[in-house]
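Can you keep this structure in mind? I'll have questions shortly.
The values are calculated or read from the model by the stated rules, or taken from the named source; none is laboratory data. These numbers were taken from a predicted model, which means no experiment stands behind them. Backbone-built Cβ (ideal geometry, glycine too); neighbour counts: all protein chains shown.
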Amino acid sequence: MTSTRNLILGAGLAGLSAALHLPQRETLVVDREREPGGLCRTRRVEGFFFDCTGHLLHLGKGPVREMVLGLLPRLFQSVERRACVFSKGVFTGYPFQANTHGLPREVVRECVVGFVESLMRKGREEEPDNFRDWVLATFGEGIARHFMFPYNEKLYRVDLEELECGWVSWSIPRPTLDEVIRGALGTEVRGLGYNARFLYPGKGGISCIPEALSGRCGTIRTGCSVRSVDPRERRALLEGGEWVEYERLISTLPLDALLRILKPLPEGISRQAPGRLRAVRVINVNLGVDRPGVLPCHWAYFPEPEFPFYRVGSPTNYSDHVAPRGCSSLYVEVARRRDEPVDEEALQEEILEGLRRARILRRSDRILAREAVVLDPAYVVHDNFRREALPGILKRLEEQEIFSIGRFGAWEYGSMESALRQGRETALRLASAGRRVAGGER
């Protein structure tokens, strides 16, 4: 039997950030993977450095920025985003809703007229209660039909009426009428959205962040799965049969996975909850190509159903140190429901053919490196069950001194900065509570 004051399940960014701010001798981190980092890891294949899809760092002002740049001074380069959308056979600027120039004239007209009509209706209709209606109310019929609907249906694999719209405020750029018109006439509208600039390491890949964090944490056990957690006795059973007693538990496991290993499940949490928390998985295919500049931007969105992927990115367009000289690297993202069967070999051939149809790859290109990585879960489905049940689930867990945080622990669409912030804030909150108890406060 091992005892620790703070047990952290998962060595992703949220878990490592929490561990960094807790006393090392009182904290144990366990993770089933062989190395820390969660999805924030870099793999080296045939001389190419591949992250788990695009992992770009967006840091506002504040303690998280100070923490990261303090741990890794002078490592990051600041990059202005160059993103594209590929539809109707052409690349246009991102975001689509403010950069329609270059599309067929009738498409441009539909998008601009629809946006104007949405502005004229503003305040006359009820507030939308689902994502599909929110898109129509915010952008109009043209933008919805030519980009927003097909792209999000391809990503989330559900009817968009099943999605609620409370999560969209920070992630989807909303242009002004002036920006929509300028973008339609040919002036590229740049700087919209939370990721207009990003940070990326000058050398290697994004795994430098968890590597720096893990070197300053307490004990981290990798390759160590958790079989069950008894919230009443406050102990966890590890895969090898060892029990670990704890006082407080921080979990960055996917929330549905955490609920499945809680025995007994805390009162007030439905046994059906784990199965009703929905997400999609992503098949991430990484490619190394023997030619530079295969993609005209940092990453491109593909809304049309004829392409199996929803996004393609090229790290060699924002870093000179992730591939051999004269080569390009690509990450290709395909979304599937978690219960949806996938023939990975056939899918990879479909991806290559789609890249050729989009004129990203040529028949003469040699693929020097290729690998497929499945991210499961990858994106949370923000449906009505999640909206209604999640606050209660997290509250019941906290009543048992279980703090579920991070992108999948909090079951949300979150950034790397958000994960780091949640880890830090949870640790400081626990430290503050510990000081109050030690001081005799109630």
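Of the conditions (1) touching a residue at least 60 places away in the same chain (Cβ under 8 Å); (2) under 24 Å from residue 163 (Cα atoms); (3) surrounded by fewer than 21 Cβ atoms within 10 Å (Cβ to Cβ), residue 341 fails just one. Which one is it?
(1)
Report yes if some residue within region 86-99 is part of a strand (DSSP E or B), closer than 30 Å to residue 150 by Cα, of a type outside the set (A, V, I, L, M, F, W, C) and free of Cβ contacts under 8 Å to residues at least 40 places away in the same chain; otherwise report no.
Initial filter on region 86-99 (part of a strand (DSSP E or B)): 86-87, 90-93.
With closer than 30 Å to residue 150 by Cα added as a condition, the list becomes 86-87, 90-93.
So of that shortlist, the ones also of a type outside the set (A, V, I, L, M, F, W, C) come out as 87, 92-93.
Still in the running and free of Cβ contacts under 8 Å to residues at least 40 places away in the same chain: 92.
Yes: one or more hits.
A further question follows. Which of the numbered conditions does residue 320 fail, given that it passes all the others? Conditions: (1) free of Cβ contacts under 8 Å to residues at least 12 places away in the same chain; (2) farther than 30 Å from residue 76 by Cα.
(2)
Condition (residue is within 24 Å of residue 412 (Cα to Cα), in contact (Cβ under 8 Å) with a residue 40 or more places away in the chain and either in contact with a strand residue (DSSP E or B) (Cβ under 8 Å, 6 or more places away or on another chain) or hydrophobic (A, V, I, L, M, F, W, C) (or both)) applied to region 140-147: is it met by at least one residue?
Yes; the residues of region 140-147 include at least one that is within 24 Å of residue 412 (Cα to Cα), in contact (Cβ under 8 Å) with a residue 40 or more places away in the chain and either in contact with a strand residue (DSSP E or B) (Cβ under 8 Å, 6 or more places away or on another chain) or hydrophobic (A, V, I, L, M, F, W, C) (or both).
Further question: Counting residues that are of a type in the set (A, V, I, L, M) and buried (at least 16 other Cβ atoms within 10 Å of the Cβ), which helices (runs of 4 or more DSSP H) fully inside region 104-162 reach at least 2?
Where helices (runs of 4 or more DSSP H) fall fully within region 104-162 and carry at least 2 residues being of a type in the set (A, V, I, L, M) and buried (at least 16 other Cβ atoms within 10 Å of the Cβ), they are 105-121, 131-139.
Assuming residue 84 fulfils every condition listed in (1) of a type outside the set (Lys, Arg); (2) at pLDDT below 95; (3) within 22 Å of residue 295 (Cβ to Cβ) apart from one, which condition is it?
(2)
Please list, ordered by residue number, the strands (runs of 3 or more DSSP E) wholly in region 326-442 having 1 or more residues that are assigned by TED's automatic domain parsing to the domain that holds residue 154 and charged (D, E, K, R).
Answer list for region 326-442: none.
Inspect region 179-195 for any residue being in a loop (DSSP other than H, G, I, E, B), among the β-branched types (Val, Ile, Thr) and surrounded by fewer than 18 Cβ atoms within 10 Å (Cβ to Cβ) and give the result as yes or no.
yes
How many of the residues making up region 217-250 are within 30 Å of the chain's Cα centre (by Cα), outside any strand (DSSP E or B) and not acidic (Asp, Glu)?
Residues in region 217-250 being within 30 Å of the chain's Cα centre (by Cα), outside any strand (DSSP E or B) and not acidic (Asp, Glu): 7 in total.
Which residue, of 301, 310, 318, 331, is of a type in the set (Ser, Thr, Tyr) and within 24 Å of residue 277 (Cα to Cα)?
310
A further question follows. If we keep just the residues of region 251-289 that are farther than 25 Å from residue 338 by Cβ and in a strand (DSSP E or B), which is nearest to the chain's Cα centre (by Cα)?
288
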